[in-house]
Each structure stands twice: as C-alpha cells, then as structure tokens.
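Read the structure below first, then the notes.
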Amino acid sequence: MKEIRVLSPVGMLGYGFPAESFQKGLEKKPHVIAADAGSTDAGPHKLGAGVGIVSKEATKKDLTLMLTAGCEHKIPVIIGSAGGSGAEVHLNWTSEIVKEIAKEKNLHFKMALIHAEVEKDYLQKKLAQGKIKLLGPVPKLTSKDIEEATRIVAVMGTHSHIKALEMGAEVIIAGRSNDPAMFAALPIKEGYDPGLALHMGKILECGAMASTPGTTSDCMMAYLREDYFIVEPTNPLRKCIPSTVAAHTLYEKSSPLHIIGPEGVVDVTGCKFEQYSERAVKVSGSKLKKSKTINIKLEGASKVAYRTICIAGLRDPIMIKQIDECEKHVRDTVLTYFSNISPEDYSLIFHIYGKNGVMGELEPRKEVASHELCLILEVVAKDQELANTICAFARSTLMHYSYKGRIATAGNLAFPYAPSDIPTGVVYRFNIHHLVEVDDPDELFSIEMVEV
C-alpha cells in the first residue's frame, strides 16, 4: 500500500522527548522527521527582543537526536519557526546550534536556511499599493506601525519547504512557518492530497498532544495514504482515540471547522475520525479549498513601555473582604501623590488571584471565597525608573494601609521574594498582525543552501 510516514518527535523543539519513543518511531522507517520550534503563545516579547522560547541546551539535546538519526538513516529533518519566532536572529541562533552538533558528531549534510524576516521598505510599498489587509479585530496598518516594529516576520506555508527539498536539502531550518507546513511539505511534494497532508500536519505539530494521556513532550507517527491518514503515538503508554484527535483538530482556530493557511482553507466539516486499531485513529474527508489570491500572514512587535512587578500574599479575612476598597485607596493615593506625573505615562494593574486573576471583569463569580489571595501588582510605564517608582509607592501604600476593622499594625502583605519589586524590562506588543497579498509564495522567503 502506498503511504508516506512522518515522525513528529516533540510538540516544540526543546520541550524534550523520550529517546525510547523516538527510537520506536525510527523503527517505523519514517520518510521525514519534522518539528515545530515556534509559537506566538509566549506573547510578543520573544519576537520583539529577539530571544528564544526554550534554552539552547534543551534545543541542542533534541536536535542532536534528530540530526544524528536523520544522517544515519538518510531521512530529511525539517524544523519550522526556528528559535521560537522565526526572525533572522532566531534562524541564526538555531543554525549555529546545528553546526555545533555537526562538528561534535562529525555529521555532513546539505542544510537549507529559509529566511522569513521582512524588509520594512517592501512592506511600505505593499501598504501604498493597498495590498495589506486586516487579520481579525486589529487596527488598520499604518506606515508608522511598520517603522516602529523591532522585527517583522512573514509566516511561510509548505511551498518554501518543498522548494528547499527540491534543491536537495537534507536538513531544513526555516524561519516563521505555519504550524502544519513542515509536516505536510514532503507529502505534498510527493503528490499526496494537500488537504489531508495539511490536516495531518495540524495533528502532528504538537507532538503527542492528540493522544491520551496527551503531552507535547513525546512522539507521534502519521501514515498518509491516498484518501486518509492514521495517527499513532510511538510511546505504548499513550493511545489516540477519535475524541482526542478531533479535539486537536478543533483547537487554536478562529473557525473550528476550517484550518486556514497560505495554501487556502482546509475544510474539515465532512471529516470522519475512526478507531483504526487499539492505539491509532484514522482520519478522512479533509478537503483543501485553494484561495484565489495568495495571502501571507505578517507578525511584528514594537516596544511600548517598561514593566515592574511585585508579588505578594494576603491572608487577613478582614482585608480580603475589602480588597476592592483597598485597591481603590492605593490608586487614589498614587494619583494624588504623583499629581506632577501624567496618568498617561503609566498604568497601575492589580492581578488578584483567588478573586478574578484569570478572568478579570469577565469572572462570573463575584464573591471571594478564598482564605488567601495572591496579588501581582504590575506597573507599566514609559521608562523603567518610573515603573520602579510607581510600583514601590503602590506596594508600600497597600502594605501599611489601615483598612476598616484592621487590628494588626504590622504589614498587610507577605512577600515571597526579596527584593519585592522586580523590574522585567521592555514591554512589547504585536503591532502587526495582518495579511499581505503576494504574487509568488516565495516572494518573502529566500533560501540559502549551506554545506555543513
């Protein structure tokens, strides 16, 4: 039976996976080993600051297993969204780790580096041509947004990965990539149904998360055939069932029934999820509807402020009952004392866990039933010194506030850390979250071939 086999060792490069599970995957003789290395889940800081989501040590450990196996068995290794955010600094960081491993293990291969960082002049021209569109409930992109962005990346689909494979790449380290792209590239290149391949990639991109018990830190195997695919974890302690695979199909999307990417829209409305064996699930019915125009997602981050936080515990039941009034007192006192500073120059934010720290104003339970609360006092300001100043004053004001019914004269707050005030540095925001219309899917993604 004609099939192509794809091994996903881990849900994110650097999360770690059992060597035994990986070996069981290799015994299935995969045609490609692929892993996602990035996400926007960590917020805009990683892109803006140019730092990774995981450590070098963890990334190197995962890559060592993958690269040595790839070279030994002549299996291509594909990494997408290198370094977390896939900008030039992240791509270079990952490629240097690859070169270190190759030197230490005496490995030889052709490596493709696919660049995804976008030049600002290019985007300014596209903006002037009216070729940049909104993606979701975001403001219209301006020329100023482009100039203020620290880094801007474009999110590539399968096309650039396929081109790199056609150029003879044995290892691909790609910049920012659509999650299914690195898993679907080789199957689509070999003529398999793109809708099924992209849906399969969606399941594989989080490692063994679509199994039970689910985790990103274990391996998943997929077998793509003519009109269906099968997914199965390599670890015998886990198994796939229809509900876990269907659930993973639904998550992280604006529409639960559509997987949207550069290639178009994969419609999963007519999908069937069937138990194929005790630990494997068969998926069929995924259909790709190609877009008339090629739209590539853009992600950009800009500096907006500086942050200082203070973490404290509260356990006095009298204070807990009046926590809203205590917060109001601190805010009023800060405004009065710093009347010489514009309120627009800083934001004072109370995160109260045990009350509504997760949901905020959307929390449906209004009464506080906790015997203790955790307060994260956050100040975001135009510079670090001001953030430090406002945080210190707000913290000391609350610590000694004589709320109604207070008996003790000691401090109201318990601090787990010294110093209690922790400057966290620059705050970034996603100021670009748009689509750019292109004529060629390779327009934004240059490929550099390197002999390692």
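The values are calculated or read from the model by the stated rules, or taken from the named source; none is laboratory data. Because the structure is a prediction, the values reported are computed rather than measured. Virtual Cβ from ideal backbone geometry, glycine too; neighbours counted across all protein chains shown.
Looking only at segment 230-252, decide whether some residue is surrounded by fewer than 16 Cβ atoms within 10 Å (Cβ to Cβ), among the charged types (D, E, K, R) and farther than 22 Å from PRO9 by Cβ. Within segment 230-252, none of the residues are surrounded by fewer than 16 Cβ atoms within 10 Å (Cβ to Cβ), among the charged types (D, E, K, R) and farther than 22 Å from PRO9 by Cβ. Is there a residue being surrounded by fewer than 16 Cβ atoms within 10 Å (Cβ to Cβ), under 17 Å from THR150 (Cα atoms) and not aliphatic (A, V, I, L, M) anywhere in segment 65-73? Within segment 65-73, not a single residue is surrounded by fewer than 16 Cβ atoms within 10 Å (Cβ to Cβ), under 17 Å from THR150 (Cα atoms) and not aliphatic (A, V, I, L, M). Exactly one residue out of TYR192, TYR223, TYR228 is within 19 Å of LEU26 (Cα to Cα), aromatic (Phe, Trp, Tyr) and more than 19 Å from the chain's Cα centre (by Cα), and it is TYR223. Kindly indicate whether THR249 is assigned to a helix (DSSP H, G or I), touching a residue at least 40 places away in the same chain (Cβ under 8 Å) and either on the phi < 0 side of the Ramachandran plot or touching a His at 6+ places or on another chain (Cβ under 7 Å) (or both). Judged against the criteria, THR249 is a match.
Scanning segment 185-216 for residues that are outside any loop (DSSP other than H, G, I, E, B) and under 19 Å from THR94 (Cβ atoms) yields one hit, ALA185. When we screen GLY25, GLY11, GLY38 for residues that are in the same structural domain as GLU190 (by TED's automatic domain parsing) and outside any loop (DSSP other than H, G, I, E, B), the only hit is GLY25.
I need the full set of residues from segment 310-322 which are free of Cβ contacts under 8 Å to residues at least 60 places away in the same chain and either crowded, with 16+ Cβ neighbours inside 10 Å or among the aromatic types (Phe, Trp, Tyr) (or both), in order please. Reasoning before the result, please.
The initial filter retains those residues of segment 310-322 that are free of Cβ contacts under 8 Å to residues at least 60 places away in the same chain, namely 317, 320-321.
Within segment 310-322, ILE320 is the sole residue that qualifies.
Kindly evaluate GLY130 against the criterion of being buried (at least 16 other Cβ atoms within 10 Å of the Cβ) and modelled with pLDDT of 95 or more. Spelling it out, it is not the case that GLY130 is buried (at least 16 other Cβ atoms within 10 Å of the Cβ) and modelled with pLDDT of 95 or more.
Note on segment 354-399: residues that are over 17 Å from ILE320 (Cα atoms) and either touching a Leu at 6+ places or on another chain (Cβ under 9 Å) or small (Gly, Ala, Ser) (or both) total 10.
Of everything in segment 160-184 that's among the polar types (S, T, N, Q) and in contact with a Gly (Cβ under 6 Å, 6 or more places away or on another chain), which residue is nearest to SER95 (Cα to Cα)? Write out each step before concluding.
Taking segment 160-184 as the starting set, the residues that turn out to be among the polar types (S, T, N, Q) are 160, 177-178.
Filter again for in contact with a Gly (Cβ under 6 Å, 6 or more places away or on another chain), leaving 177-178.
Numbers: SER177: 16, ASN178: 19 Å.
Selected residue: SER177.
Restrict the check to segment 110-121 and report whether at least one residue is among the basic types (Lys, Arg), closer than 19 Å to LEU298 by Cα, free of Cβ contacts under 8 Å to residues at least 40 places away in the same chain and in a loop (DSSP other than H, G, I, E, B).
First pass over segment 110-121, keeping only residues among the basic types (Lys, Arg): 110, 120.
If we keep only those that are closer than 19 Å to LEU298 by Cα as well, we get 120.
Then drop every residue that is not free of Cβ contacts under 8 Å to residues at least 40 places away in the same chain, which leaves 120.
From what is left, the residues that are in a loop (DSSP other than H, G, I, E, B) are none.
Checking segment 110-121: not a single residue is among the basic types (Lys, Arg), closer than 19 Å to LEU298 by Cα, free of Cβ contacts under 8 Å to residues at least 40 places away in the same chain and in a loop (DSSP other than H, G, I, E, B).
Among residues of segment 363-382 being under 21 Å from ASN412 (Cβ atoms) and in a strand (DSSP E or B), the one that is farthest from the chain's Cα centre (by Cα) is LEU373.
Please find, among GLU88, GLU20, GLU57, the residue that is over 20 Å from ALA185 (Cβ atoms), of a type in the set (Asp, Glu) and without any contact (Cβ under 8 Å) to a residue 24 or more places away in the chain.
Details: GLU88 fails: without any contact (Cβ under 8 Å) to a residue 24 or more places away in the chain; GLU20 fails: without any contact (Cβ under 8 Å) to a residue 24 or more places away in the chain.
Of the residues listed, the single one that is over 20 Å from ALA185 (Cβ atoms), of a type in the set (Asp, Glu) and without any contact (Cβ under 8 Å) to a residue 24 or more places away in the chain is GLU57.
Residue pairs whose Cβ atoms lie under 8 Å apart, sitting 6 or more positions apart in sequence or on different chains, and linking a residue in segment 291-309 that is outside any strand (DSSP E or B) to a partner that is crowded, with 19+ Cβ neighbours inside 10 Å, are SER291/GLU263; SER291/GLY264.
Is segment 274-281 home to any residue that is surrounded by fewer than 20 Cβ atoms within 10 Å (Cβ to Cβ), under 30 Å from GLU226 (Cα atoms), at pLDDT below 95 and assigned by TED's automatic domain parsing to the domain that holds GLU443? Looking through segment 274-281, none of the residues is surrounded by fewer than 20 Cβ atoms within 10 Å (Cβ to Cβ), under 30 Å from GLU226 (Cα atoms), at pLDDT below 95 and assigned by TED's automatic domain parsing to the domain that holds GLU443.
Can you find a residue that is farther than 20 Å from GLY70 by Cβ, modelled with pLDDT of 95 or more and in contact with a Gly (Cβ under 6 Å, 6 or more places away or on another chain) anywhere in segment 203-215? Yes, some residue in segment 203-215 is farther than 20 Å from GLY70 by Cβ, modelled with pLDDT of 95 or more and in contact with a Gly (Cβ under 6 Å, 6 or more places away or on another chain). Look at LYS140 and say whether it is assigned to a helix (DSSP H, G or I) and not aliphatic (A, V, I, L, M). For LYS140, the condition - assigned to a helix (DSSP H, G or I) and not aliphatic (A, V, I, L, M) - is not met.
Would you confirm, using the coordinates I've provided, whether HIS108 is within 19 Å of ALA164 (Cα to Cα) and touching an Asp or Glu at 6+ places or on another chain (Cβ under 7 Å)?
On the way: within 19 Å of ALA164 (Cα to Cα): yes; touching an Asp or Glu at 6+ places or on another chain (Cβ under 7 Å): no.
Spelling it out, it is not the case that HIS108 is within 19 Å of ALA164 (Cα to Cα) and touching an Asp or Glu at 6+ places or on another chain (Cβ under 7 Å).
If we keep just the residues of segment 399-452 that are among the polar types (S, T, N, Q) and touching a His at 6+ places or on another chain (Cβ under 8 Å), which is surrounded by the most Cβ atoms within 10 Å (Cβ to Cβ)?
The residue in question is ASN412.
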